[in-house]
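To start, the structure under review is shown below, and the notes come after it.
The values are calculated or read from the model by the stated rules, or taken from the named source; none is laboratory data. Predicted model only: the values in this text are computed from it and were never measured. Because the Cβ atoms are built from the backbone with ideal geometry, glycine has one as well, and the counts that use them run over all protein chains shown. What goes into the accessible areas is simple: the full protein's heavy atoms, side chains included, and nothing from ligands, DNA or RNA. Shrake-Rupley method; radii C 1.70, N 1.55, O 1.52, S 1.80 Å.
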Amino acid sequence: MSITAAQVKELRERTGVAMMECKKALVEADGNIDTAIELMRKSGMAKAAKKSSRIAAEGAIVIALDANNKSAAIVEINSETDFVARDDNFRAFADKIKAAALTAKTSDIDVLLAVADGDATLEEARKQLVVKIGENINVRRANFIQSDDIIGHYSHGDRIGVVVSLQGGDAELAKDVAMHIAAMKPQVVSPEEVPSEMVEKEKEIFTAQALESGKPAEIIEKMIGGRIKKYLNEVSLTGQEFVKDPSLTVGKLLADKKATVTSFTFYEVGEGIEKKEDNFREEVMAQVQGSN
């Protein structure tokens, strides 16, 4: 049967998919728009599955807070390129995801993606977005935070996001601490929270370095102790120099304000993902050699 331009236009408006894909689906569905949408959904799932193995290390960190600042959700959503991360469709999907994480009060990605999005789910919306944009889109991690005290947050563009829970103090202090965490990237709140295996690993390195100095054993022991103490302060929030005033540590700042950080979440886009590095010189040389 003949497919009209009006049918293609309507299907495009309802799905957001390219005109040629809409026409193809309508032909297969004998002009039935609802059937065409169902076919496109099934096709979308297959195409999304094919793209799922592709590395997505760009994207955005998004944060949502409730009206009373008593709960927050922080989510990392990835794309393959930074260009797509700025796309309006990607941004709209990210907004849905952060709102759903806050409403559902969940840190579980499977639970989050099962949240309803109109007649479908957020997982189905993700797959349709993959088809529409042509890149792998992945909801990588999420954390829901609830507190009876103060929740502060800070975003450095879309690349870094921090949510901090503070006991005592005020909203301004919570924001300052969140900003500090974004800049200095501590791994734990206090030195006591640094895992023993990390301390032992650093101790081994410091010991090997100190032994090369040829100094007496008692001096070496003091050197190792000093380096371990410095290391613990460097990786812990309370031991770090406050980024806005290096004359005091974050621990001293909190003590002066009679406040305590109970937890924090730091997300950076693509953190820990092994990115594929393209070697354009090798690609060009391979093409040149192949043409000979």
TODO: Please report, in cubic angstrom per residue, the volume enclosed by the convex hull of the alpha-carbon atoms of the chain.
DONE: 199 Å³
- [ ] List the relative contact order of the chain as a percent without decimals, with contacts defined as Cα pairs under 8 Å and 6+ residues apart.
- [x] 17 percent
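Starting from the Kirkwood Rh over alpha-carbon pairs, what translational D in µm² s⁻¹ does segment 174-266 have by Stokes-Einstein at 25 °C and 0.890 mPa s?
170 µm²/s
Exactly which GluC sites (Glu not before Pro) in segment 162-242 are in a DSSP loop and have at most 16 other Cβ atoms within 10 Å? All intermediate terms of the calculation are to be shown ahead of the outcome.
Numbers: sites: E172, E192, E193, E197, E200, E202, E204, E212, E218, E221, E234, E241; in loops: E212.
Filter output for segment 162-242: E212.
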Task: Angle in degrees between helix 280-291 and the longest Cα principal axis of the chain, rounded to the nearest 10 - done: 40 degrees
Open item on the list: How large is the accessible surface of V250 in square angstrom, using a 1.4 angstrom probe and rounding to the nearest 10?
Closed with: 0 Å²
Task: Rounded accessible area per residue of the chain, 1.4 Å, Å² - done: 57 Å²
Open item on the list: Using 0.36 nm times the number of residues separating K257 and K229, minus their current alpha carbon distance, what extension gain do you get?
Closed with: 7.6 nm
Task: Cα-centred dipole magnitude for the chain, charges only on beta-carbon of K, R (+1) and D, E (-1), debye, nearest 20 - done: 320 debye
Open item on the list: Helix 122-133 against the longest principal axis of the chain: what's the angle in degrees, Cα atoms only, rounded to the nearest 10?
Closed with: 70 degrees
TODO: With everything on Cα atoms, drop me the angle between helix 171-184 and the longest principal axis of the chain, reported from 0 to 90° to the nearest 10.
DONE: 90 degrees
TODO: Along Cα→Cβ, 7 Å out, is where each label goes; now give me the distance between the ones at N69 and Q187 in nm to one decimal.
DONE: 3.1 nm
Open item on the list: If each DSSP helix of 4+ residues adds -39,500 (n - 2.57) and the sum is divided by the residues in the chain, what number results at 222 nm, nearest 500 deg cm²/dmol?
Closed with: -15500 deg cm²/dmol
